[in-house]
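All remarks here apply to the structure that follows.
All of the numbers you see were taken from the coordinates with simple rules; none came from a lab. Computed from a predicted structure; not experimentally measured. Cβ placement follows ideal geometry from the backbone for every residue including glycine, while neighbour counts extend to all protein chains displayed.
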Amino acid sequence: MLTIYALDLSPFALKVLYVANALGLEYEKKRINLAGGEGKSEEYLKVHPAGKVPAMQEGDFTLFESNAIIRYLADKNNSDFYPKDLERRALVDQWIDFVTSHIQNGMGRVVYNKLVAPKFGLEVDESSLKCGYEFIERFLPIVDAQLAKTPYLAGDTMTLADFALLAHTDPLEAIEVDVNTYPHLNKWREPLKTQDFYQKVHKFYGESMMASG
């Protein structure tokens, strides 16, 4: 039985859940309360030595890091979400890495300082918040321009790169970014949010925000 350790507000964990759902996998989701210290338990540290989410366990096999997990799941299930063709796969990897390194870099700073820190009474780093918005304004136009050229981020069919982008842009409305500024991104993501793989996790990211309270 596949077990996915997750936290509903983590885009990294959402990415894994979206892919698992889209692949039609049966799994048990275990919510790890990081704020409550569950990530530091001796048992969980055997699964993820850094005590973070997501992680997965299948029999005696454990794996952490979201991008490693989604690649493993797609490969194991012979899914074209992660193409076997070398050039197509390289393009998927390129966009996964771009989204993780650039889009999430900005989103993470803003989500933490605008949503997480105030919620838990933690100090807000205004400099990091400003930097996060600057990252978003710099790098979201690049994916918007790519989606003006191709129906999906890495070409004509949906791949792991799209799940990554969807998960890491999920909080856009919650952090008050005007998504209409990015028309191609908005046109791409809205239909995806109506699909079963997404709806089985939540109706919208704000639902997860409210549920976490």
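Computed over the chain, the per-residue total of -39500 (n - 2.57) for DSSP H runs of n ≥ 4 gives a 222 nm mean residue ellipticity of -14500 deg cm²/dmol, rounded to 500. With contacts taken as Cα pairs under 8 Å at a separation of at least 6 residues, the chain carries a relative contact order of 23 percent. Close amide H contacts of residue 6 (hydrogens built in the peptide plane, cut-off under 5 Å, sequence separation of 5 or more or a different chain): 30, 31, 32.
If you count the DSSP beta bridges with both ends in the chain, what percent of them are antiparallel, to the nearest 5? Please report the intermediate quantities before stating the final value.
Values: 9 of 14 bridges.
Antiparallel bridges: around 65 percent, rounded to the nearest 5.
For every other residue with a beta carbon closer than 13 angstrom to the beta carbon of residue 49, add +1 if it is Lys or Arg and -1 if Asp or Glu, then tell me the sum. That works out to 0.
For residue 78 and residue 43 in one chain, what is 0.36 nm times their gap in residues minus the Cα-Cα distance, to one decimal in nm?
On the way: separation 35, 0.36 × 35 = 12.60 nm, distance 3.15 nm.
In short, 9.4 nm is gained.
Other residues whose C-beta falls under 11 angstrom from the C-beta of residue 157 contribute a net charge of -2, scoring Lys and Arg +1 and Asp and Glu -1.
Taking a point 7 Å from the Cα of residue 200 along the Cα-to-Cβ direction, the residues of segment 10-24 with backbone N closer than 12 Å to it are 17-24.
Among 35, 22, 145, the residue with the largest mean-square fluctuation in a Gaussian network model of the chain, with springs joining Cα atoms closer than 10 Å, is 35. Shown in residue order for segment 53-62 are the 3J(HN,Hα) couplings computed by the Karplus curve 6.51 cos²θ - 1.76 cosθ + 1.60 at θ = phi - 60°: 10, x, 8, 9, 9, 9, x, 8, 9, 10 Hz (x for Gly and Pro).
Between residue 150 and residue 123, the contour length at 0.36 nm per residue exceeds the alpha carbon distance by 5.6 nm. The dipole here belongs to the chain: it is taken about the Cα centre, uses +1 on the Cβ of Lys and Arg and -1 on the Cβ of Asp and Glu, and is about 80 debye. When segment 149-213 is described by a simple charge dipole with +1 on each Lys and Arg Cβ and -1 on each Asp and Glu Cβ, the residue from 174, 184, 158 located farthest towards its positive end is 158.
Taking 23 Å as the cut-off for C-alpha to C-alpha distance, list the pairs among 40/200; 15/187; 40/76; 15/84; 52/114 that go past it. Intermediate values should be presented prior to the final figure.
Numbers: 40/200 28 Å; 15/187 19 Å; 40/76 30 Å; 15/84 21 Å; 52/114 21 Å.
From 40/200; 15/187; 40/76; 15/84; 52/114, over 23 Å: 40/200; 40/76.
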